[in-house]
1. Quick one: in segment 134-163, of everything that is in a helix (DSSP H, G or I) and among the basic types (Lys, Arg), which residue is surrounded by the most Cβ atoms within 10 Å (Cβ to Cβ)?
2. Of (1) in a loop (DSSP other than H, G, I, E, B); (2) buried (at least 19 other Cβ atoms within 10 Å of the Cβ); (3) of a type in the set (A, V, I, L, M), VAL32 satisfies all except one. Which?
3. Mind checking which residues of segment 84-95 are closer than 17 Å to PRO46 by Cβ and surrounded by 22 or more Cβ atoms within 10 Å (Cβ to Cβ)?
4. Would you please name the residue that is nearest to VAL170 (Cα to Cα), looking only at residues in segment 39-67 that are under 16 Å from the mean Cα position of the chain (by Cα), of a type outside the set (A, V, I, L, M) and assigned to a loop (DSSP other than H, G, I, E, B)?
5. Tally up the residues in segment 94-116 that are under 14 Å from the mean Cα position of the chain (by Cα) and not basic (Lys, Arg), please.
6. Taking the condition closer than 23 Å to GLY129 by Cα, modelled with pLDDT under 90 and of a type in the set (A, V, I, L, M, F, W, C), does PHE57 pass?
7. Taking the condition of being surrounded by 16 or more Cβ atoms within 10 Å (Cβ to Cβ) and part of a loop (DSSP other than H, G, I, E, B), how many residues in segment 96-133 meet it?
Amino acid sequence: MEGLLKDNKISDVISFTPKKTLTVKYNGKELVGNDTLTPTIVQNQPEVTYDAQDSEFYTLIKTDPDAPSREDPKFGEWRHWLVTNIPGNKLTEGQVLSEYIGAGPPPNTGLHRYIFILCKQPSKIHFKGEFICKANADTRNNWKAIDFIKKWNLEPEGINFYQAQYDDFVPTLYSKLGEVKEKPVEIQ
């Protein structure tokens, strides 16, 4: 992973030396940083694992800095997944602030980077002032992972990422996002 940061593949989003291995598997296949996958392959939430003590709390972020394209990222970053207050490595017990959304790069926008960032929390956090987003597009664009990390005093510890470009699944994803009419709820 360090090589990817040095080669400037994702250093515009995050630039730290990973302390933990962040293993991401789609359909049982382990992601090797900088893999090129299709939106069809990543449509369902992956299995994510890492080493952690049960007494520690973590946040997992998945972000796309290339919305709508790498050449014109005027909507980036786009928040694809945000789970907080994960006790140890028990992802399913964390607080979901943004439900998982797979890759959805628009047609003719080239490769998008989808970056997973694992952060250690100083303790369990009440994320007051943040939004809980269901599987819709509201409040997900123009969001910066590094700003969220700094705001909540998180310590980045692991990364992984893949690239994807448009395929025939993307209209299905957009349709699903458009069907969800719930507005995000702000945490009080």
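1. Within segment 134-163, the first condition is being in a helix (DSSP H, G or I), and the residues that meet it are 145-151.
Those still in the list that are among the basic types (Lys, Arg) too: 150-151.
Details: LYS150: 10, LYS151: 12.
In this case the residue turns out to be LYS151.
2. Of the numbered conditions (1) in a loop (DSSP other than H, G, I, E, B); (2) buried (at least 19 other Cβ atoms within 10 Å of the Cβ); (3) of a type in the set (A, V, I, L, M), the odd one out for VAL32 is (2).
3. Passing the criteria: only ILE86.
4. Selected residue: PRO39.
5. Number of matching residues: 13.
6. no
7. Of the residues in segment 96-133, 12 are surrounded by 16 or more Cβ atoms within 10 Å (Cβ to Cβ) and part of a loop (DSSP other than H, G, I, E, B).
Conditions (1) among the acidic types (Asp, Glu); (2) over 26 Å from ILE125 (Cβ atoms), marked per residue:
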site	(1), (2)
ILE41	no, yes
GLN45	no, no
ASP54	yes, no
PHE57	no, no
ASP72	yes, yes
ASN89	no, no
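The values are calculated or read from the model by the stated rules, or taken from the named source; none is laboratory data. Keep in mind it's a predicted model, so treat the numbers as computed, not measured. Cβ atoms come from the backbone with ideal geometry, glycine included; neighbour counts cover every protein chain shown.
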